[in-house]
Every structure is written in structure tokens, then in C-alpha cells.
Amino acid sequence: MISRIDLRGAAFSEATVSGGIDRDLLPRAELDVEAALEKVRPICDDVKHRGTAALIEYAERFDGVRIDQVRVPAEALRRALEELDPAVRAALEESIRRARLVHGEQRRTDHTTHVVPGGTVTERWVPVERVGLYVPGGRAVYPSSVVMNVVPAQEAGVASLAVASPPQADCGGLPHPTILAACALLGVDEVYAAGGAQAIAMFAYGTDECRPVNLVTGPGNIWVAAAKRLLKGRIGIDAEAGPTEIAVLADHTADPAHVASDLISQAEHDTLAAAVLVTTSADLADAVDEELDRQVAATKHTERITEALTGKQSATVLVDTIDQGLAVVDAYAAEHLEIQAENAAEVAARVRNAGAVFVGAYAPVSLGDYCAGSNHVLPTGGCACHSSGLSVQSFLRGIHVVDYTRDALAEVAHHVVTLAEAEDLPAHGAALKARFGWKVPGQ
């Protein structure tokens, strides 16, 4: 079911490029955001000029439902929470509680550095004023993404939050009621029935119902990613999130049933989802193949999972040693990386590139998706080698506040003038000379 890439022996040496792994040899979903840009551009322009009317038309065109307004009425939010299954409510409340524990610790504090007597630089951390949070719909329902977006924004102190999620034909043109209930549970009362690129454009340009935002976060499909790329600059974005990924680094001690079930858990998301096993054990790889055949046949979304596991984005990679396995997973830079090996914590501590790392047999990715306390909005497509997952920091801006007395400025003025003249920017130096009667101390 899942293909193999054998990097053992000489093959591993041939795979290395300048001390690293040639990333082109590793499985990856093809996601052409550039091609999608030209398709979302007219949609975004239409929303810019026609606002709510355009959103209503796109709901009918793309979501198959006719709506009269885009903003979700307060009564619908209240009703969704009242009618929420008590067990689901309890699970969401626990997810929120744990997320607040973790994200509450991430809040940065202002710090003042005394550079010289009379000269200080303070770094202030200021929350973004208004944020648009995107929650996907479609194949699955993601109230967990409401939690993962809203909690860090609230913990950062964002004053104004708006959530958008696609309207559902079988929910009367509203987003799924579990998503609405999660919003209500978190105290978010500004929710919009809008999906895809048009939702991102609504956040960027604003409409008569929705004020423009400063930042948009949250995962989505290729059209959402393309709209984020197109509108980046007008709005800040967290990332251009692509299909979900799981990589498992395992040795002979791993339980093949655990490994297979974890690969399947992420393949369940999307036909483009990536599931990658990197292992030192060919026997484990064989056993995982057997488990995949058995477990996939017994699961609900067999067709979707099979397409994901047999796609070019999924594979088992054979290596000789855990060190080689670490080189492979660092080159792959997975959204989710599990370590199922001897001394798993020690191995995990050596990982450099991953959105999130899950240590040992009892920390599956599913735990992180819901109730670990960590965030599941993570970099995909290899972006974990330079980007981080969503956190409180995503919603904060660092502002340097410079405060110098006359004496403190006088002490360094000649250096400033010298550097300004070295860069052929004499007016920079003149700005200091003007403060000292055109005679800079030290010159």
C-alpha cells in the first residue's frame, strides 16, 4: 500500500548533498499555490468591490447553499452551545483548559535594557489589534481548530476576534453547529459563514458586516493558502498551510500496530495528506505494511486513506541507523514528528526541524490534535525548517522604545556621525549635530 525508499548503505551517501539530505528524494505532496493564485485573484477582487453580495453568491456557487447574511446570528451561537452533546462539551472544555495552561506560559513580558547611564531600550510586546481566524469545513468538522486559534489569540490579549468557517448546506447555511458551539464556549460572538479564498478576502478588505483585520491565522485548503499569499502585506498571515503530514522515526522496538494507526490517523484528513515512516528496521516496515492492510480496510474513510497512503507524498524510508533517520526527518521537516524508538526522549532532543515532536508510544499525534495542550496549527511542506507553529507569540509584535538623555546621546554622537558619513548619509549625522549646535562631542 505504501511505497518504499531505500537509503541504506551506499544509497544514503548518494542521497546527501553538502552534508544534508537531498529533499527532492523524499516524498512530498504536490501543491501548486502559484497556479491557484490566478484563480483566487478575481474572487478576492470581487469581494473587495462587492463585499457581502459577492460572499453570498460564492456560498451558493462553492458551498451549494443560499444564505441571506454572512454573519452568524447570536441566537444561532447560543442554540448551538445549548444543544451540544455533553460529552463533546466536556472534551472541548478540557482541550481549552489544557491549551490555556500551555499558551498562558508563552506570554512575553516587557524588558528594559540599560545600555548606558541615561540610555535605555525597552522591548514592548503589543498584541495585534484585530485578528481573523479561519476554521476549515468540508470533509471534516474542526471545532479543535477553533480552540487552537482562539486560545493563543486570547492569551496574547487580542481585543477583537472574528471567526470564519464555510456555510454548510445541511446546517441551514450556517457553519457546522459544533464549530459554532466551540466559538460560544470561548466567548467569540463574531462568526461568519464564509469559506475559501472569499473568507480571506473578507478579512483583508472588510465588508458592511465585517471590519478588516490585521492578521489572519488558521489552516485551510489550497485556495485559502493562495489567498493568503495574494493578500499578504495587506494582512499578516501565520503560514500557507498545506495538507497535513506525519513522519514517524522508529526502530525495531516500535509497535507496528501503533505506527500504522498513527499513519492512518493523519491520512484520514485528506487525499493529499502525507504519511512517512522512517525506520532502521525492515522487519518493522513489513509488519507496518501488514497492519495498514488490516486497519485501513476496517476504518470508516477507507477510500480517502488509501488514496493518501498510496500517493507519492507517502512512503516508508529505510535507513541504517537512527542518526541517519534523524538526518532524513530533519530534511523532511514534518508538521508532526513521532519518535518511537529506544531512548525516544534523547532522540527527540536532537531533532532540529519539526512543527511538533511526539515522544514515545504514548504521545500520538492525535493527542496533540486535541488535548495535549500544544497547538495543532503547524508549518507544513518543509516549512518547519524555518517557521514555527501557532502560539501566543504569533499574535504579538515587539516594539523597541528608545529613551536617551542628552548626556547619553552626547557620549555616542561622534560614532553615529562617523557611521552616517561612512554610508554617505550626511543628513543622518546632521540630525545629531543640530542637537549640539553643530559641534558634536568627541569630534
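The values are calculated or read from the model by the stated rules, or taken from the named source; none is laboratory data. These numbers come from a predicted model, not from an experiment. When we count neighbours, we look across all protein chains shown, and the Cβ atoms used for this are built from the backbone with ideal geometry, even at glycine.
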Checklist entry - Among ILE5, ILE67, which is the only one that is within 27 Å of ILE305 (Cα to Cα) and β-branched (Val, Ile, Thr)? => result ILE5
Next on the checklist: Yes or no: the range 90-105 includes at least one residue that is surrounded by fewer than 22 Cβ atoms within 10 Å (Cβ to Cβ), among the β-branched types (Val, Ile, Thr) and in contact with a Leu (Cβ under 6 Å, 6 or more places away or on another chain).
Outcome noted: no
Checklist entry - Among the residues of the range 163-186, is any part of a strand (DSSP E or B), of a type in the set (A, V, I, L, M) and in contact (Cβ under 8 Å) with a residue 40 or more places away in the chain? => result no
Checklist entry - What residue, of ALA35, ALA29, is aliphatic (A, V, I, L, M) and surrounded by 12 or more Cβ atoms within 10 Å (Cβ to Cβ)? => result ALA29
Checklist entry - So, in the range 386-401, of the ones that are surrounded by 12 or more Cβ atoms within 10 Å (Cβ to Cβ) and out of contact with any Lys or Arg (no Cβ under 8 Å at 6 or more places or on another chain), which residue ends up farthest from ALA333 (Cα to Cα)? => result ARG397
Next on the checklist: ALA287 - would you say it is out of contact with any strand residue (DSSP E or B) (no Cβ under 9 Å at 6 or more places or on another chain), small (Gly, Ala, Ser), buried (at least 17 other Cβ atoms within 10 Å of the Cβ) and assigned by TED's automatic domain parsing to the domain that holds ASN353?
Outcome noted: yes
Next on the checklist: Just to be sure I understand, how many residues within the range 297-317 are in a helix (DSSP H, G or I), farther than 23 Å from GLY242 by Cβ and not polar (S, T, N, Q)?
Outcome noted: 2
Next on the checklist: What's the number of the only condition in (1) touching a residue at least 40 places away in the same chain (Cβ under 8 Å); (2) closer than 19 Å to THR316 by Cα that PHE358 fails to meet?
Outcome noted: (1)
Next on the checklist: Residues that are modelled with pLDDT under 95 and crowded, with 24+ Cβ neighbours inside 10 Å: does the range 249-263 have at least one?
Outcome noted: no
Checklist entry - Can you tell which of ALA354, ALA361 is in the same structural domain as TYR332 (by TED's automatic domain parsing), closer than 22 Å to ASP330 by Cα, under 16 Å from the mean Cα position of the chain (by Cα) and modelled with pLDDT of 95 or more? => result ALA354
Item to check | Residues satisfying the stated conditions in the range 35-52, i.e. closer than 14 Å to PRO212 by Cα and either without any contact (Cβ under 8 Å) to a residue 24 or more places away in the chain or in contact with an Asp or Glu (Cβ under 9 Å, 6 or more places away or on another chain) (or both) | outcome: HIS49, GLY51, THR52
Next on the checklist: Within the range 208-242, take every residue that is modelled with pLDDT of 95 or more and touching a Pro at 6+ places or on another chain (Cβ under 9 Å) and give me the one that is nearest to GLY382 (Cα to Cα).
Outcome noted: THR217
Checklist outcome for this item: Within the range 415-429, of all residues that are surrounded by fewer than 14 Cβ atoms within 10 Å (Cβ to Cβ) and of a type in the set (Gly, Ala, Ser), the one farthest from THR405 (Cα to Cα) is ALA422
Checklist outcome for this item: Among residues of the range 128-154 being closer than 19 Å to LYS232 by Cβ and of a type in the set (Gly, Ala, Ser), the residue surrounded by the most Cβ atoms within 10 Å (Cβ to Cβ) is GLY132
Checklist outcome for this item: Going through (1) surrounded by 12 or more Cβ atoms within 10 Å (Cβ to Cβ); (2) at negative phi one by one, GLU14 fails only at (1)
Next on the checklist: Condition first: aliphatic (A, V, I, L, M), assigned to a helix (DSSP H, G or I) and free of Cβ contacts under 8 Å to residues at least 24 places away in the same chain. Now tell me which residues in the range 321-349 satisfy that.
Outcome noted: ALA344, ALA345, ALA348
Checklist entry - Assuming ALA201 fulfils every condition listed in (1) assigned by TED's automatic domain parsing to the domain that holds ASP369; (2) outside any loop (DSSP other than H, G, I, E, B) apart from one, which condition is it? => result (1)
